[in-house]
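Report on the structure given below.
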Amino acid sequence: MPPSRTSTSRRLLPAALVAVGALAVAPIVVHASKDSPVATANAADSTATALPSVGRVETCVVDAYSGCTVRHGFGQKPAAITATASGPALLSIDPQRTTDESYRLRALRYDGNRYRAGTKLTYTVHYDFAQVAGQPTTPAPSASTAPTKPPTSSTPSASPTKTTTSSAPTSTAPTKPPTSTPTSTASTPATTTPTSTGSPSQTCTNPTWTTSSSNNQGEGRTFGAYYVHNNMWNNHNGTYALSACNYNNWYVDVTQPLPGDKGVQAYPNVHKDYNDVPLTKIQSAKFAASTPANCSACIYNVAFDVWIGDGLNNELMIWTDNKNQVPAGRKVGTVTFGGFTYDVWHQNGYTAYVSQVTQKSGTMPLASFFADMVQRGWAPKATTWQVDYGVEVVSTGGTKQRFNFTDFSIQEN
């Protein structure tokens, strides 16, 4: 998500209009070659320059490079562009090829392979023209994050996911379905809850934005430097109703029967987009989430999702709360960062660090995970364009369950 997916990601949006401004535009068909962009906007789009954000549905027929060069028609370079597919596609937008006239969209299959030239894809594109507000000031991460009880050696069961995003702050990334099928017999990690490091306790009681989705479609909303995304990249038969008071205070009500593919169906998340910045810029992230207290049929994981490099071919996940999930790849060892021990799962293009105990809140030392990836040779290009935090849902057993997210902020150099 897709691009929030990955070796096991996801990220799809609705084939319905997502207009944040007062602009409505009919679907647009794009037949583009790599060097010959095709105009896609109509005259009505010229009014959009006065809007902070604009949403519309576009249809793209990919070229031999599995992409399209699209003329957006605004005559102004967007501060950010978010593209979300209405099917199992991984979409990304090249920030280096976004101008006041056009942008370059790249599309990959959920498994990371290219599409055949001539394939038609429908996606929702969201343009932001106003610069996002500066990142809120947050305290420096605490050096000691000792859990109430030492991490146990129990083996976790988890399963990865992802999202698709755009170019500048405020986009959405895809997720690929897990290669491993979660099973109800998978061992569940210890549920010891370590103490948090100053994470606030809050509940969204008066949401400023709500959205609901019952298929592989989902909307998002910008809150300052962050983007809350009801990412339905692989959903087939679940209902996801998301309500947000802010980027660090939102919840999603999920009713998800066990899907036939037993894979991740959605990744509701909050994330921040970057313009291919060095991993060394990002130090840590505060987080807090609560999950259903009683749901024996639930299969999910609450996790960070970071896209390494400049595409969708290298995904890093950090699982903080796991219920009956198993990551893709195989377990290759353990690491200990900030007082917590993580099982390391890896396969080409996908890495999951699965906490051996449940972490409901705290400060995640992201820089330590990035350094470990680099040292192992798993981050040949040590940059990122998106950092996410959310829940990958496989099933709630067909019952309505709530997931609350009550803290999130990224600390940078």
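For F337, the requirement of being under 29 Å from N230 (Cβ atoms) and hydrophobic (A, V, I, L, M, F, W, C) is not met. Of everything in segment 70-90, what is open to solvent by less than 10 Å² (accessible area, probe 1.4 Å) and assigned to a strand (DSSP E or B)? Give them in sequence order. The answer is V70, A80, I81, T82, A83, T84, A85, A89, L90. Evaluate segment 322-332: report whether one residue or more is within 15 Å of the chain's Cα centre (by Cα), at pLDDT 95 or above and within 21 Å of N231 (Cα to Cα). No. Are any of the residues in segment 286-306 touching a helix residue (DSSP H, G or I) at 6+ places or on another chain (Cβ under 6 Å), open to solvent by less than 10 Å² (accessible area, probe 1.4 Å) and over 26 Å from K400 (Cα atoms)? Looking through segment 286-306, none of the residues is touching a helix residue (DSSP H, G or I) at 6+ places or on another chain (Cβ under 6 Å), open to solvent by less than 10 Å² (accessible area, probe 1.4 Å) and over 26 Å from K400 (Cα atoms).
The rows are residues; the columns are (1) among the hydroxyl-bearing types (S, T, Y); (2) within 28 Å of Q202 (Cβ to Cβ); (3) open to solvent by 40 Å² or more (accessible area, probe 1.4 Å); (4) in a strand (DSSP E or B).
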| position | (1), (2), (3), (4) |
| --- | --- |
| N215 | no, no, yes, no |
| G218 | no, yes, no, no |
| R221 | no, yes, yes, yes |
| D253 | no, yes, no, yes |
| P257 | no, no, yes, no |
| D261 | no, no, yes, no |
| H271 | no, yes, no, yes |
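Of K331, K323, which residue is farther than 19 Å from A379 by Cβ, buried (at least 17 other Cβ atoms within 10 Å of the Cβ) and of a type in the set (K, R)?
Details: K331 fails: buried (at least 17 other Cβ atoms within 10 Å of the Cβ).
Answer to the selection: K323.
At least 3 residues that are open to solvent by 10 Å² or more (accessible area, probe 1.4 Å) in each: list the strands (runs of 3 or more DSSP E) lying fully within segment 334-413 that qualify.
On the way: elements: 340-347, 350-355, 361-364, 383-395, 400-412.
The strands (runs of 3 or more DSSP E) meeting that bar are 340-347, 400-412.
Output the residues belonging to segment 91-124 that are among the β-branched types (V, I, T) and either in a loop (DSSP other than H, G, I, E, B) or farther than 18 Å from E315 by Cβ (or both). Full working, then the answer.
Keep residues of segment 91-124 that are among the β-branched types (V, I, T), which gives 93, 98-99, 119, 122, 124.
Across segment 91-124, the qualifying residues are T98, T99, T119, T122, T124.
When segment 198-213 is limited to residues that are modelled with pLDDT under 90 and within 24 Å of G362 (Cβ to Cβ), the one that is least open to solvent (accessible area, probe 1.4 Å) turns out to be S199. When you scan segment 226-235, do you find a residue that is on the phi < 0 side of the Ramachandran plot and surrounded by fewer than 24 Cβ atoms within 10 Å (Cβ to Cβ), even just one? Among the residues of segment 226-235, not one is on the phi < 0 side of the Ramachandran plot and surrounded by fewer than 24 Cβ atoms within 10 Å (Cβ to Cβ), which makes the answer no.
The values are calculated or read from the model by the stated rules, or taken from the named source; none is laboratory data. Bear in mind that the values here come from a model prediction, so they are computed numbers and not experimental data. Here Cβ is always computed from backbone atoms with ideal geometry, including for glycine, and neighbour counts include all displayed protein chains. Surface accessibility is based on the protein's heavy atoms, side chains included, excluding ligands, DNA and RNA. Shrake-Rupley method; radii C 1.70, N 1.55, O 1.52, S 1.80 Å.
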